[in-house]
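Worksheet: the structure to be examined is printed underneath.
The values are calculated or read from the model by the stated rules, or taken from the named source; none is laboratory data. Just so we're clear, the structure is a prediction, and the values are computed from it rather than from any experiment. Glycine gets a Cβ as well: all are built from the backbone with ideal geometry, and neighbour counts include every protein chain shown. Note: areas computed on protein heavy atoms with side chains; ligands, DNA, RNA excluded. Shrake-Rupley method; radii C 1.70, N 1.55, O 1.52, S 1.80 Å.
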Amino acid sequence: MPVSPPDKTISFVIKPVLFLLCLLPLGVLVWAVFNDMLGANPAERLTRETGEWTLRFLLITLAVTPVRKLLRSPWLIKLRRMLGLYVFFYASIHMLTYIWFDQFFDVDEIIRDVIKRPFITVGFLAFILLIPLVLTSTNKMIRRLKKNWVKLHKLIYVIAVLAILHFFWLVKADYQELIVYGLILLLLLFYRLYQQRKKGVY
Amino acid sequence: MSIIIKTSSDIKASEITPKSVYMDRRRFMKQAFASSLLLATDAMLPAWAKRWPDLEASQFNASDKLTPFENVTSYNNFYELGTGKKDPASNASMFNPEPWSIAVEGECNKPGVFNLEDFIKPYALQEYIYRLRCVEGWSMVIPWVGFSLADMLKQFEPNSNAKYVEFTTLLDKSRLPGQARRVLNWPYVEGLRIDEAMNPLPIMAVGLYGDILPSQNGAPIRLVVPWKYGFKSIKSIVKIRFTETQPKATWNERAPEEYGFYSNVNPEVDHPRWSQKTERRIGEPFWKPKHKTQMFNGYGEQVAHLYAGMDLVKYF
Ligand code: HEM
């Protein structure tokens, strides 16, 4: 059975390395902006890349539990909060690229857009639902909310489904990429159902 | 999907391509074209692929700043060569537009099948600088090389049953590999009402920036209808048919509530995914404000009368 690395290694090596690794996609994008390497439509490219990274971090976060069971490495749970916060981090940048380079901070137009365009409505809802999760991510809140914390954080499944729907409503004709993300999410959701079955919840 | 794939052709977005630069590129393209045909010299290029350095300007030329050649040829919607914006340019070498012939059919007195050279020979080519507005909310300004669609259609003497003109793209997945996946109902079909087609604005384009059409832009011959969303301007045309009934246009058939048959550029009628009020002019710095979209893409003077009395919200 694999052993857990010492706490010190987790705190002072693994977490900082992961922290920097998660910043890498943003770093690459910023670098590309300053080197004029985002092609003919950089604004679209920025929104798409950050949107996709938001979704990827969401799926990675959901994968922590199955992976730690599979690898029998319970300590991996200690990395989950950071990954979850990165979902919010990339979602914020994603939304910022839209507010800035699509709408140029025109609040009226943004509100109209959120109401009118279904894919924006759903993306916005997903973003709003992330906020309570971020606010309750501290140790103190985990302790204070106890069982309710677990319940509250089930919201992440709703957010994930909304994210896929957001993507679905955006695609014009080619669903290939979306299907890959969708299947990964389904797999992760089925894993949970299966676990619950085993525990006899059903 | 990759994070960022860069090629040396990505350029400073803010400049107009100076003539000297595209002359150079022209030389390069000539070579690329020749080698793609396994030909060695210019002299062996097909006659229609002559370069057109100094064409007469059309009377409708836009005065907007041109979109750089690099952007015009690297950011394309041409699903026959892939669904990503850069796919058509990446896959361009797979598509060899030689040989090419065009069939003219339907309600006309002089139908026939023509090789491309004969097809375009009767017309004096001109340069047409037109705005192109994509339904996705971006736009370009492109110097096309082409000739009037109306002049061309008249050659075939459409009869009184010809109410519409239908255009069809090549169907051949060995040359257009994107057709191997059924993302759309191939072949791509588009159409115009006959009076729209007979308007002096639409052209058949055989080139851009004074050179032959690159594959990704719809080589060797395509339609350009500047007051309609870009998807109406069908690429790589092999068939033109005069019909009595409205043609089954591909996107319109696929999602009629999103893509109308008319698809005139109209800032008042939003697409469910994209607001149509503004547009991003490709080639301009992305942190600069977008442009306001104009009714009929700014060509109202030439075309508004075609729709007199029509409810353009209903017939979007
Ligand atoms: C948890 C929240 C969100 C996730 C996971 C997410 C994810 C995504 C994904 C995967 C894409 C498609 C990228 C591609 O086509 O490659 C996308 C596109 C987009 N998202 Fe989001 N999104 C979220 C929230 C939002 C919010 C709050 C907004 C704006 C209010 C927004 C606006 C957009 C826009 C405008 C695009 C389309 C970009 C374009 O095609 O030009 N998203 N998003």
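A few notes on this one:
- Hydrodynamic radius of the protein assembly as shown per Kirkwood, over alpha carbon pairs, in Å: 25.6
- Lys pairs, chain A - Cα-Cα below 21 angstrom, 8 or more residues apart or on other chains: 25
- Per-residue mean of C-beta atoms belonging to partner chains within 10 Å, peptide A:162-172: 2
- Ordering B:284-296, B:253-265 by mean Cβ neighbour count within 10 Å, with the highest value first, yields B:253-265, B:284-296.
- Using 0.36 nm per residue and subtracting the Cα-Cα separation, the extra length available between B:Glu257 and B:Glu98 on full extension is 53.5 nm.
- A Förster radius of 51 Å combined with the Cβ-Cβ distance from A:Val17 to A:Phe105 puts the calculated FRET efficiency at roughly 0.90.
- Its residue count N fixes a reference of 2.2 N^0.38 Å for segment A:7-199, and the Cα radius of gyration divided by that reference is 1.10.
- Rounded to 10°, Cα long-axis angle of helix A:176-198 versus longest principal axis of chain A: 30
- Reachable lysines, given that their alpha-carbon falls under 18 Å from the alpha-carbon of B:Lys239 and they are not under 8 places away in the same chain: B:Lys110, B:Lys121, B:Lys154, B:Lys163, B:Lys173, B:Lys248
- Along its three principal directions, the equivalent ellipsoid of segment B:44-163 from the Cα gyration tensor extends over semi-axes of 27, 20, 18 Å, largest first.
- Given charges at beta-carbon only (K, R positive; D, E negative), |dipole| of the protein assembly as shown in Debye: 3720
- Computed [θ] at 222 nm, deg cm²/dmol, the protein assembly as shown (DSSP H ≥ 4; -39,500 (n - 2.57); rounded to nearest 500): -11500 deg cm²/dmol
- Between helix A:107-116 and chain A: long-axis angle, C-alpha atoms, 0 to 90°, nearest 10: 70
- Cα centroid separation - segment A:24-60 against segment A:100-119, whole Å: 20
- Shown are B:Glu301, B:Glu279, whose ranking by accessible area with a 1.4 Å probe and every protein chain present, most to least, is B:Glu301, B:Glu279.
- Per-residue mean of foreign Cβ neighbours for A:104-117 is 2 (Cβ atoms of other chains, 10 Å radius).
- For segment B:163-276, size of Cβ-based charge dipole, Lys and Arg +1, Asp and Glu -1, in debye: 480
- Simple spin-label estimate for B:Gln155 and B:Glu56 in nanometres, 7 Å along Cα-Cβ: 1.7
- Summary of packing: across the peptides B:207-216, A:178-187, B:51-60, the per-residue average of other C-beta atoms within 10 Å ranks them, highest first, as B:207-216, A:178-187, B:51-60.
- Stretchable slack from A:Val67 to A:Val134, in nm (0.36 nm times residue separation minus alpha-carbon distance): 21.9 nm
- Point-to-point label distance, B:Tyr123-A:Asp36, nm (Cα→Cβ direction, 7 Å offset): 3.5
- Chymotrypsin sites (Phe, Trp or Tyr not before Pro) within segment B:107-190: DSSP coil, no more than 16 neighbouring Cβ in 10 Å: B:Tyr123
- Tensor-based shape of segment B:15-302 (alpha-carbon gyration tensor, a/c under 1.5 rounded, otherwise prolate or oblate): rounded
- Computed from Cα positions, the angle between helix A:15-34 and the longest principal axis of chain A comes to roughly 10 degrees.
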